[in-house]
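The structure is given below, and queries will be raised subsequently.
Since every read-out is calculated from the coordinates, none of them should be taken as a lab result. The structure displayed is predicted, hence computed values, not measured ones. Ideal geometry is used to build each Cβ from the backbone, glycine not excepted, and the neighbour counts take in all protein chains shown.
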Amino acid sequence: MLTERLQKELEQTYAKGLRRTVDGLRFKTAVRAEDENGKEYLVFASNNYLGLTHAPEVQRAAAEAVRWGTGSTGSRLTTGAAFETGELEKELAEFKHTESAVVFNTGYMTNLGVLFALVKPGDVVFSDELNHASIIDGCRIARAQVVVYKHNDMQGLERLLEEIPAAGERFIVTDGVFSMDGDIANLPELVRLKEKYGACLMVDDAHGVGVIGADGSGTAAYYNMPGTIDLQVGTLSKALAAEGGYVAASKTIIEYLINKSRPFIFSTALPACVTAAALAALRLLRQKPEQYVGRLKENAALMRRLLHDEGFEIIDGVTPIVPVLTGSSEKTMRFMAALLEAGIMVSGIRPPTVPEGTSRLRVTVTAAHTEAEIKQAAKTMGKIWRELNA
Ligand SMILES: Cc1ncc(COP(=O)(O)O)c(C=O)c1O
């Protein structure tokens, strides 16, 4: 019986301390939220890197565009082609220094839609082992050979490129900033390899945009290598404070996706108010990159230093994703619960999101946090961790 089978599987999952639940949460500011019981939290768990969800300019843009309807009521190819979405695509392409860009409904659907449409049988996809689940799922449905290389191991990737022949195209696919480890892909080496082996390079900058590069445009800007990435995927749901995903690439690739990518074709488009919000956020970022990206960088460095001083084991890096290694799933979740009790919200990350034995608290900092808030969080984390380990 299906119900019994599902129940048994759930019980096995729960027995491993891996139960997941969803609870209501309302953000009163970019960094402060309350739950359904009215308990308040200082949040270090969101991907709202620039805090723009609550910027007056962004909220105003969304509110004004609501007059064009709360829903788009059709796919982009029928009735869902809001003017705001087209403008956003134009500005995303400029920002990413590509000929063109197209918006999908989520970052997840973008990865699925791009890989499903572009990768054909006979092609080979080389994928970093720590790539986001949406890349992994996109590879799964692409009906091509997928070769997983060790995380950021460029020598290993080169060996695989040498050894594994492809009847068709080769794709190298990677996160720009890795979502759970917060480290950055080695673009100079990836570009060398893609050129040497004639591969197409796809970089997912979901956590790169607004975060790295002097102008906040992501991995290519961080390495000062504009024009070297064939497919720049991203999301509107993190630094750009809205919902949706996009890919920026050549005119031909974008036109192909519009004509062939099933997740693009067969899903109702985002409404104007959502893409208007993303457009307003993108414009703020482009107008004042040093204000937003610079502040975020300072806040990330402060949190990393303070957590290090509290004695935590942190995965090194420069981004606002600060992974604090905590051991078992069970201990991680106890730590997270105690922090919640103390009014600090961070995410406990367990398998299967990260490999077995690498459970962690994923602490994320935003440009909207104050120095005092960062100090308060780090101090509370240190105190509670020592109590748990006493
Ligand atoms: C690297 C990466 N790609 C894609 C996504 C999916 O984006 P979205 O949340 O917009 O679906 C995420 C996270 O959500 C991510 O971390």
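As a test of the definition: which semi-axes, in Å, follow for the chain when you take the square root of five times each eigenvalue of its alpha carbon gyration tensor? Largest first, please. Could you put the intermediate results ahead of the total?
On the way: eigenvalues 205, 140, 99 Å².
For the chain, the ellipsoid semi-axes come out as 32, 26, 22 Å.
Once every DSSP H run of n ≥ 4 in the chain is given -39500 (n - 2.57) and the sum is divided by its residues, what mean residue ellipticity at 222 nm do you get, rounded to the nearest 500 deg cm²/dmol? Spell out each step's value before the answer.
On the way: 14 runs with 160 residues, N = 390.
The helix contribution divided over the chain gives -12500 deg cm²/dmol.
If each residue's Cβ is checked for other Cβ atoms within 10 Å, how do Met180, Met202, Met336 rank with the fewest at the top?
On the way: Met180 20, Met202 26, Met336 23.
Arranged by neighbour count, lowest to highest, Met180, Met202, Met336 become Met180, Met336, Met202.
May I ask what percent, to the nearest 5, of DSSP beta bridges between residues of segment 56-287 are antiparallel? All intermediate terms of the calculation are to be shown ahead of the outcome.
Working: 11 of 28 bridges.
Around 40 percent antiparallel, to the nearest 5.
Now a separate question. Which distance in Å, rounded to a whole number, links the C-alpha centroids of segment 234-252 and segment 131-199?
20
Can I ask one more? Take the residue pairs Lys196/Lys260; Lys16/Lys331; Lys8/Lys331; Lys90/Lys194; Lys96/Lys150 and return only those whose Cα atoms are more than 20 Å apart. Don't jump to the answer; show the numbers that get you there.
On the way: Lys196/Lys260 29 Å; Lys16/Lys331 12 Å; Lys8/Lys331 24 Å; Lys90/Lys194 27 Å; Lys96/Lys150 28 Å.
Cα-Cα > 20 Å for Lys196/Lys260; Lys8/Lys331; Lys90/Lys194; Lys96/Lys150; rest within.
Of all beta bridges DSSP finds with both residues in the chain, what is the antiparallel percent, to the nearest 5? Intermediate results must be reported in sequence, preceding the final value.
On the way: 27 of 46 bridges.
Expressed as a percentage, antiparallel bridges in the chain total about 60.
At q = 0.19 Å⁻¹, what log₁₀ I(q)/I(0) does segment 299-362 have when each alpha carbon counts as one equal point scatterer in the Debye sum?
Taking Cα atoms of segment 299-362 as identical point scatterers yields -0.72.
How big is segment 112-160 along each principal axis, measuring the range of its Cα positions in Å and listing the largest first?
Cα spread of segment 112-160 along its principal axes, largest to smallest: 29, 23, 12 Å.
In the calculated pair distance distribution of segment 234-274, what percentage of Cα-Cα distances lie above 15 Å? The partial results should precede the final answer.
On the way: 422 of 820 pairs.
Cα-Cα pairs of segment 234-274 separated by over 15 Å account for 51 percent.
Do any GluC sites (Glu not before Pro) in segment 1-52 lie in a loop, going by DSSP, with at most 16 other beta-carbon atoms within 10 Å of their beta carbon, and if so which? Please report the intermediate quantities before stating the final value.
Details: sites: Glu4, Glu9, Glu11, Glu34, Glu36, Glu40; in loops: Glu36.
Sparse-neighbourhood loop GluC sites (Glu not before Pro): Glu36.
Within 10 Å of each residue's Cβ, count the other Cβ atoms and sort Trp385, Trp68 from fewest upward. Kindly include the intermediate steps, with their values, before the conclusion.
Details: Trp385 21, Trp68 14.
Fewest-to-most Cβ neighbours within 10 Å comes out as Trp68, Trp385.
Net charge near Lys39, counting Lys/Arg +1 and Asp/Glu -1 over other residues with Cβ under 14 Å of its Cβ?
Details: positive: Arg26, Lys28, Arg32; negative: Asp23, Glu34, Asp35, Glu36, Glu40, Glu341.
Result for the neighbourhood of Lys39: -3.
For the chain, with the dipole built from +1 on Lys and Arg beta-carbon atoms and -1 on Asp and Glu ones, taken about the Cα centre, which of Leu25, Ala277, Gln59 lies farthest toward the positive end?
Leu25
Counting pairwise Cα distances across segment 56-287, what percent come out greater than 21 angstrom?
Working: 14083 of 26796 pairs.
Percentage above 21 Å: 53.
OK, next. Taking the number of other C-beta atoms within 10 Å as the exposure measure, put Val102, Val148 in order starting with the fewest. The partial results should precede the final answer.
Working: Val102 25, Val148 15.
So the ranking, lowest neighbour count to highest, is Val148, Val102.
Any idea how far apart Ala372 and Glu163 come out in nm if each label point goes 7 Å out from Cα toward Cβ?
It is 5.7 nm.
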